[in-house]
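Notes for the one structure printed next.
Bear in mind that the values in this text are calculations on the coordinates, not laboratory data. This one's a predicted model, so the numbers in the text were calculated from it and none came from an experiment. Note that we place each Cβ from the backbone using ideal geometry, even for glycine, and neighbour counts take in every protein chain shown.
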Amino acid sequence: MSAALARTLACRTTLLAALLSGTAVPVLAQEGDPIVIGYAAAMTGPLATYDSVDGARCMIDRLNEAGGVLGRPLALEARDMKSDAVLSSVVGQELIDMGVSAIIAPPSDDTAIPIAALALPLNMAVMTVGSTQVQFPMASPTNSYLTAFGDNLSAAASAQYAAEQGHKTVALMISRDFGSYGIALPEYWADAFEHHGGTVVGRVNYNIGLSDYSAQVAEVAAMDPKPELIVGGFISPEAGVMPRQFASAGMDVKFFGTDGFDDPNLLPIAGDAADTITFATHGFPSEGSDLKAFYDDCTARGYTVQNIFFGLAGETVLLLKGAIERAGSADPAAINAALAETENFKGITSGSISYKGRAGVPSKELTIVQIQDGAFVPVAKFVPDYIPAP
Amino acid sequence: MTEYILQQMVNALAVGSEYALLALGLAIVYSIVNLVNFAHGELITVSGYALFFSAAVWVQNPWLLIALAVLCSTLAAAALERVAFRSIRNASLNTGMLTAFGVSIIIQNVFVIFVATRPRAVQTPAFLAEIVTIGGLRFPVLQVVETLTTAVAILALVVLLRSTTIGLAMRAAARDFTTVRLMGVRANRVIQVAFLISGLLAGIAAVFIFSRRGAVDPFMGFVPVLKAFVACVIGGLGSLPGAVLGGLLLGMFEVFLQVVLPADAAAYRDAIAFSVVGLVLVLYPQGLLGKRVELGDKEA
Amino acid sequence: MLELADIQVRYGATQAVRGASLTVGKGEIVSLLGANGAGKTTLVSAAVGIIPVAGGTIRFEGRDITRLPAEAVVGVGLTLCPEGRRVFADLTVRENLILGAATRRDRAGVEADIDRFFGMFPILRDRAGTEAKTLSGGEQQMLAIARALMCRPRLLMLDEPSLGLAPRIVEQIFELLVTLKQDGMTILLVEQNATEALMISDRAYVMANGRIVHGGKAADLIGSQDVTDAYLGAAAHG
């Protein structure tokens, strides 16, 4: 065959090969391509209060304005998993298939564990914003991280404060409807409370749904001795409904708990009963704090700061940014390795966060907040003496 | 101890009454139109958002609040009938159920998109949050009023169904719609009234639900309609007395289990309740008050 | 009084009535005869507006009522006592009658009519407070007729009133129809029981396979071979 024909043939064959292989070979990320973080968020449903896509977005806006990470902008792919564990897996897989560099998972162990399992083959880091359940990183220790402290830590702080305030008796309220927070947290609290000399008077089971707790109220009222305190892993709206119903029944009890109570939305729900609540949480936007600065800046950018989880979400993104920089790449496995080595990282809710050697459960300070006259007031800040084993 | 038992009996009655109200609303539509209206729960959510918005405009008068909640759910029910269910009126039972699910999802997401995803506080009548002392025992006003209101509502419904032409038409239409039309009664009118009644009952139930809960969120309608459906099935789908009986039994049984089960087993409350429901259905496949349909029976 | 012209009725792909025409004059008793499945019930159901017509016109007292739904047709004076009686089983006898008068506003008149029917059918008075499902077949038929009359129609159509009833009861019912005619009622009677029906009718039609195949004076049709043929299917098909 003639040279010209051979050249044409070669040309066309190469073109054809290129076209065919173009689908098989991934396009290499170019300079300037965004680093994408996936976020399987509880935008709706009972867990929505404890997640914050806005918090993540605001932090990403700030970081991109300061030049991004590794010279590339950060981008967020957020999806609503509707507080449903099954949908969480579906959404998680979707994000992994999109090729994200890391995933932020929903705020409970039963919704986050499946995503960590799906991400494990890629060694991709899975962080939660609002989850405090140590059961989550325990299930998949090499790639799961809580941004928040573990339930055992917060329960211990809350219980210690209660004991120090002179309270002696508690009734626990337990629910199996939304993961470990409803089951394990009350037990951690009881463990720590008993360690400090308190007594558990009884345990009462409740189911969320129609929010009629008159039977539970009656059960507690019939306990002998009557408990001074009620402790439960309450999430919104139960965090407001429980105090409301106990107060309606004329019962004189105080409520202790952890970050489930940290939501201003519960104030109108609880009404006057809100003043019975004390809880341990992630932080408080006091004057001059990094948290307040973050809130103020985001508000100026047009975001609405709903509650502490807004700050936590920002902190999650900040932790990821740190890991990406140390890893020097957007590769999920590299980021995961770098994240696991985090030591004394300066966050927004806490001045020093470490993951090194802690299998995904960070060491952090806690703040105790009490509701007084319908306002959130920080009353203490410490690390508890005794921490129950998970 | 007796005070505790008495208190729990009042609780049982109140919860049972609430389920009875919910079940009755569902049953009245089913008996006439052969439609399991799974969007019934959304009628309660609508009332809730009405109460939420009333908080924004500072409506304080409790009677106004109650009227608002009931009015909104009734209008919503009428709108549902006109917009969603009229066109599929003669379709199969499955079509009806699927349409109802679809309507339910649409309404839920309308609230998610246009109002809020998270629970919002609602304004409810203050007097319902009080305690009343009867015979030396203290009872929440809400429970007493709830039980009484349900009884009155049921009575009113009975009067309507027995003494008014439209009531007679509704009872007759449950078995034989075509012949009712032959009496000159307009089909549309009968169905509209059925939906209006179901909306009214949902609104009344909503007042009590929100007085307890104090918060509304887009997906909260699911649990009430599920309870209502189970109650209807227990009592016999299509039977109005069955719906009331099923609701009372389900509610009372739930409270009973709450009281009786030790803390370890308490988590199995729902599992036990539904197992018992299953057992009831094995013994009474048509429900407790449902008619046993023998093969070959000529249904009108 | 009633004119059905070239009525076509379809059930899905099947043509149940293929161009049927009949008339009923004021004060007459007209019978519509034919075997099971001939289309008689379909035709009267279409006439009263329960089933939509695919073609043809229905005129009542000169007025075109072809497109009127059943609820409205009853309002203009035409009503149907349906096949199988179809009394409201869970309602009492009294409630059945009250519902029959649903279109009326005059409570006193309704009560008076109920009394009158109780007079005509004493058995109904005895059972006034019991549920209709407890009545015997014959009693239910009386109730159904009384109920149909409660709206004071000018033309009463009855679909197989003798079905499943003992001969003695059938006789009673047919006597009743004659009495009604004497009081000024116009009647269209659909029947399988040809002989009995013809004996009280002025005119009659015979229907087969969705068409009217014969029509004429009742006296002429009694014992006629055409009628027998129509029943046994020897009449022309298609």
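For chain A, what mean projected area does the convex hull of the alpha carbons give, in nm²? Write out the running numbers ahead of the final one.
On the way: hull surface 88.9 nm².
The Cα convex hull of chain A, projected and averaged over all directions, gives 22.2 nm².
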List the residues, sorted by chain then number, that are 5 or more residues from A:Ser352 or on another chain and whose placed amide H is less than 5 Å from its amide H.
A:Gly347, A:Glu365
Taking amide H positions as placed 1.01 Å from N in the peptide plane, with prolines and chain starts having none, which residues 5 or more places from C:Leu32, or on another chain, fall under 5 Å of its amide H?
C:Leu189, C:Val190, C:Glu191, C:Tyr205
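At 4 °C and a viscosity of 1.567 mPa s, what translational diffusion coefficient does Stokes-Einstein give for segment B:151-238, taking Rh as the Kirkwood radius over Cα pairs? Give it in µm²/s as a whole number. Walk me through the intermediate numbers first.
Values: Rh = 15.0 Å.
Value of D from the Cα-based Kirkwood radius: 86 µm²/s.
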If you average 1/r over all unlike Cα pairs in the protein assembly as shown and invert the result, what Kirkwood radius do you get in angstrom?
32.6 Å
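Take A:Thr367, A:Thr128, B:Thr117, B:Thr164 and order them by how many other Cβ atoms sit within 10 Å, fewest up front. Numbers along the way, then the final one.
Working: A:Thr367 24, A:Thr128 31, B:Thr117 20, B:Thr164 13.
Lowest count first: B:Thr164, B:Thr117, A:Thr367, A:Thr128.
Taking the beta-carbon count within 10 Å as an exposure proxy, list C:Glu95, A:Glu194 from fewest neighbours to most.
Working: C:Glu95 22, A:Glu194 15.
Ordered by Cβ neighbours within 10 Å, fewest first: A:Glu194, C:Glu95.
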Percent of C-alpha pairs per 5 Å bin, segment B:27-147, short to long:
2, 10, 16, 17, 15, 13, 12, 8, 4, 2, 1, 0
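What's the FRET efficiency of C:Ala5 with C:Asp220 using the Cβ-Cβ distance as r and R₀ = 25 Å, to the nearest 0.05?
Details: r = 23 Å, r/R0 = 0.93.
That gives a FRET efficiency of 0.60.
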Amide H partners (placed H, <5 Å) of A:Ile104, local residues excluded:
A:Gly38, A:Tyr39, A:Ala40, A:Met127
A:Glu343-A:Val377 pseudo-label distance in nm [points 7 Å out on the Cα-to-Cβ vector]
4.2 nm
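Looking only at Cα atoms, what is the convex hull volume of segment A:249-349 per residue, in Å³?
Details: hull volume 15.0 nm³, N = 101.
Taking the convex hull of the Cα positions in segment A:249-349, it is 149 Å³ per residue.
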Short version: ³J(HN,Hα) in whole Hz for each residue of segment A:373-390, in order, from phi by Karplus 6.51 cos²θ - 1.76 cosθ + 1.60 (θ = phi - 60°), x for Gly and Pro, what are they?
6, x, 10, 7, 10, x, 10, 7, 8, 6, 9, x, 5, 10, 10, x, 5, x
Arranged by the count of other C-beta atoms within 10 angstrom, fewest first, what order do A:Asp259, C:Asp106 take?
C:Asp106, A:Asp259
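Summing -39500 (n - 2.57) over the DSSP H runs of n ≥ 4 in chain B and dividing by its residue number, what mean residue ellipticity at 222 nm do you reach, to the nearest 500 deg cm²/dmol? It would help to have the intermediate numbers written out before the result.
Working: 11 runs with 205 residues, N = 300.
So the helix-based figure for chain B works out to -23500 deg cm²/dmol.
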Over all residues in A:235-244, what is the mean tally of Cβ atoms on other chains that come within 10 Å of each residue's Cβ?
4
Proximal aspartates and glutamates relative to A:Lys356, as straight alpha-carbon distance under 15 Å, when same-chain residues fewer than 8 apart are discounted
A:Glu341, A:Glu343
Take each complete run of DSSP H in chain B, measure how far its Cα atoms stretch along the helix's own axis, and keep only those covering 24 Å or more with mean Kyte-Doolittle hydropathy at least 1.0; list them.
B:2-33, B:62-80, B:93-114, B:141-163, B:187-213, B:240-260
Only Cα pairs within less than 10 Å get springs; with that Gaussian network setup on chain B, which residue of B:Met252, B:Met97, B:Met183 has the largest fluctuation?
B:Met183
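Given A:Lys168/B:Lys227; C:Lys40/C:Lys181; A:Lys254/A:Lys364; A:Lys321/A:Lys381, which pairs have Cα atoms separated by over 30 Å? Before the final figure, lay out the partial values.
Values: A:Lys168/B:Lys227 39 Å; C:Lys40/C:Lys181 22 Å; A:Lys254/A:Lys364 26 Å; A:Lys321/A:Lys381 27 Å.
A:Lys168/B:Lys227, as the Cα separations exceed 30 Å there.
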Debye sum, Cα scatterers, segment B:1-96, no solvent: what log₁₀ I/I(0) at q = 0.11, 0.14 1/Å?
-0.48, -0.70
In sequence order, calculated HN-Hα J values of segment A:69-75 (Karplus, 6.51, -1.76, 1.60; Hz; x Gly/Pro):
10, 6, x, 10, x, 8, 10
Cα convex hull of segment B:2-283, projected area averaged across orientations, nm²
16.4 nm²
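From Cα pairs below 8 angstrom and at least 6 apart in sequence, can you work out the relative contact order of chain C, rounded to a whole percent?
Answer for chain C is 27 percent.
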May I ask for the percentage of alpha-carbon pairs in segment C:1-139 that lie more than 18 Å from each other?
63 percent
Taking a cut-off of 19 Å between Cα atoms, list the aspartates and glutamates near C:Lys217, but don't count ones fewer than 8 places away on the same chain.
C:Glu3, C:Glu28, C:Glu191, C:Glu196, C:Asp202, C:Asp226, C:Asp229
Considering only C:Leu158, C:Leu33, C:Leu99, give the residue with the highest GNM mean-square fluctuation for chain C, with springs between Cα atoms whenever their separation is below 10 Å.
C:Leu99
